[in-house]
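The values are calculated or read from the model by the stated rules, or taken from the named source; none is laboratory data. Just so we're clear, the structure is a prediction, and the values are computed from it rather than from any experiment. A quick note on method: Cβ atoms are made from the backbone with ideal geometry, for glycine too, and the neighbour counts reach across all protein chains shown. Heavy atoms of the whole protein, side chains included, go into the accessibility calculation; ligands, DNA and RNA do not. Shrake-Rupley method; radii C 1.70, N 1.55, O 1.52, S 1.80 Å.
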Amino acid sequence: MAYQTVNPYTNEVVKEYSDATNQQLEDALQKGHELYQKFKVQDIKERAELLHQVAAKIRERSDELARTATIEMGKLLAEAEGEVELCAIIAEWYADNGAEMLMPEKIETGANGIAEVHYQSTGVIMMVEPWNFPYYQIMRVFAPNFLVGNPMILKHASNTPSSAQLMADVILEAGTPEGSLKNLFLNYDQVADAIADPRVQGAALTGSERGGKSIATTAGEHLKQTTLELGGMDPFIVLSDANMDHVADIAWRSRIYNAGQECTSSKRFIVMEDVYDEFIQRLKDNFNKLKPGDPLDPETTLAPMNTKEAKEELQEQVDEAVAAGAQVAYGNESYDLEGQFFMPTILTDINRDNPAHTTELFGPVAVVYKVTSEEEAIELANDSPYGLGGIVFAGDADHGAEVAAKIETGMVFVNNIRYSLPELPFGGVKRSGYGREMSRTGLMAFVNEKLIIKADEPDMENIAGGLIATQDLE
Ligand SMILES: O=CCCCC(=O)O
């Protein structure tokens, strides 16, 4: 069975799930398509009200949701609770603001008549989501698309089936019509079949570059729209005049949150030479205070990684980096613990031909660079195949924002930790993918922006130019 819940703290197999059949997929496609026909003519306010109910149901069942995610993929319980609450906030934000954003918009035009853009649903959307934020990743796509009127089929990661099913159940119990979000334990061939199906109009993926390529290739073949949220090697730039207390407080959090398994983790710290030694020392001190343990225990501050395979892969990457000349400033030792813990590690002296310079390290490993000028910091930040997020710490926030403007990523935070809220667009450039989730942009990802121009009668005199037959017939 491909889909399993294995607790990465105890290594116990908690639950196994049967793979979805092709018939189940067909039923979901048909149900979704029929629901789309209903959504098309339904008042959007009804779905906004249902999204409020989804938020309420998530809060009602928040303890169960949080514990399930922690047991299944290892994140600290407090982090799981935060993720669950963010899901409720996202559902509420679209419920409160989305209907207004989807109202028809008038366009000023010289055309004869009144021109409007109407925002309409397009059909079933295939959603492929990862294990690292097993609920929030669903909600980022579900809330806007449900409001728009696009039913969804979910394929979640093979190691977070319990979380996926629980969120789908909660959404259904909140009163949404069956088929609004159908979770299925699909394989990749079935996902490709779904994308190819004429009832499906788009695919949203958060995940690996490999997954992104595969989804985009299939979608391209069938001319379906996609959004891709892929990896990141986010830079964290520390300028000489930065407040080092703030830097020290944010740096460890930006790397260790979710056991470092976040596309927007700060993975490359780019530090001016005059504050470099202090930066390294304070990062070491903070890493040294982290306590590995049961992620359900509130005293634990370092969570296990999500699987044995993930931990082994990260260890291989660190070994390769060291073999290519990286210095270990801290960590890279084993804990005498059964769970999939990886000791927080600091790597320095990374040359540009070191694999760690261009490969995402998806776990608690910080790569730290020393630079001698702001220009070098910006050049290094941009010397990456990825372009997702970033952080700049500067004495002057306006100057920090000028630096931020020069960084080739989709999001940069100045003098702050990076965070996600429904009103803020989320997404990247380069190999981090394309499209945006959340915000108004996320709401519009899979809508038909339909132009309707109404006139009482044709008025050939008032068309100044354009692609029309102007000749008169005898
Ligand atoms: O791993 C990527 C998920 C995005 C988490 C975030 O919003 O920062």
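Within region 1-26, count every residue that is free of Cβ contacts under 8 Å to residues at least 24 places away in the same chain, assigned to a loop (DSSP other than H, G, I, E, B) and among the polar types (S, T, N, Q).
So the count comes out to 1.
Scanning for something within 13 Å of the ligand (Cβ to nearest atom) and small (Gly, Ala, Ser), does region 378-395 turn up at least one residue?
yes
Can we say Ala80 is surrounded by 17 or more Cβ atoms within 10 Å (Cβ to Cβ) and either free of Cβ contacts under 8 Å to residues at least 12 places away in the same chain or in a helix (DSSP H, G or I) (or both)?
Values: surrounded by 17 or more Cβ atoms within 10 Å (Cβ to Cβ): yes; either free of Cβ contacts under 8 Å to residues at least 12 places away in the same chain or in a helix (DSSP H, G or I) (or both): yes.
So Ala80 passes the test.
I need the full set of residues from region 330-376 which are open to solvent by 20 Å² or more (accessible area, probe 1.4 Å), in a strand (DSSP E or B) and not charged (D, E, K, R), in order please.
Tyr330 - this is the single residue of region 330-376 that is open to solvent by 20 Å² or more (accessible area, probe 1.4 Å), in a strand (DSSP E or B) and not charged (D, E, K, R).
Looking at region 221-259, which of its residues are of a type in the set (S, T, N, Q), more than 14 Å from the ligand (Cβ to nearest atom) and either in contact with a Phe, Trp or Tyr (Cβ under 9 Å, 6 or more places away or on another chain) or open to solvent by 60 Å² or more (accessible area, probe 1.4 Å) (or both)?
Gln225, Thr226, Asn243 - these are the residues of region 221-259 that are of a type in the set (S, T, N, Q), more than 14 Å from the ligand (Cβ to nearest atom) and either in contact with a Phe, Trp or Tyr (Cβ under 9 Å, 6 or more places away or on another chain) or open to solvent by 60 Å² or more (accessible area, probe 1.4 Å) (or both).
Starting from region 254-282, take each residue that is of a type in the set (Asp, Glu) and list its partners that are open to solvent by less than 30 Å² (accessible area, probe 1.4 Å) and assigned to a helix (DSSP H, G or I), counting only C-beta distances under 6 angstrom and pairs at least six apart or across chains.
Filtered contacts from region 254-282: Glu278/Met244.
Residues in region 30-39: is at least one in contact (Cβ under 8 Å) with a residue 60 or more places away in the chain and of a type in the set (Ser, Thr, Tyr)?
The answer is yes; a qualifying residue exists.
Exactly one of these conditions fails for Thr307: (1) more than 16 Å from the ligand (Cβ to nearest atom); (2) open to solvent by 10 Å² or more (accessible area, probe 1.4 Å). Give me its number.
It is condition (1) that Thr307 fails.
In this structure, does Gly390 turn out to be open to solvent by less than 10 Å² (accessible area, probe 1.4 Å) and touching a helix residue (DSSP H, G or I) at 6+ places or on another chain (Cβ under 7 Å)?
Spelling it out, Gly390 is indeed open to solvent by less than 10 Å² (accessible area, probe 1.4 Å) and touching a helix residue (DSSP H, G or I) at 6+ places or on another chain (Cβ under 7 Å).
Testing Ala405 on (1) free of Cβ contacts under 8 Å to residues at least 60 places away in the same chain; (2) within 16 Å of the ligand (Cβ to nearest atom), one condition comes back false. Which one is that?
Of the numbered conditions (1) free of Cβ contacts under 8 Å to residues at least 60 places away in the same chain; (2) within 16 Å of the ligand (Cβ to nearest atom), the odd one out for Ala405 is (2).
Take the conditions within 16 Å of the ligand (Cβ to nearest atom) and either open to solvent by less than 10 Å² (accessible area, probe 1.4 Å) or of a type in the set (Ser, Thr, Tyr) (or both) and apply them to Ser214. Does it pass?
So Ser214 fails the test.
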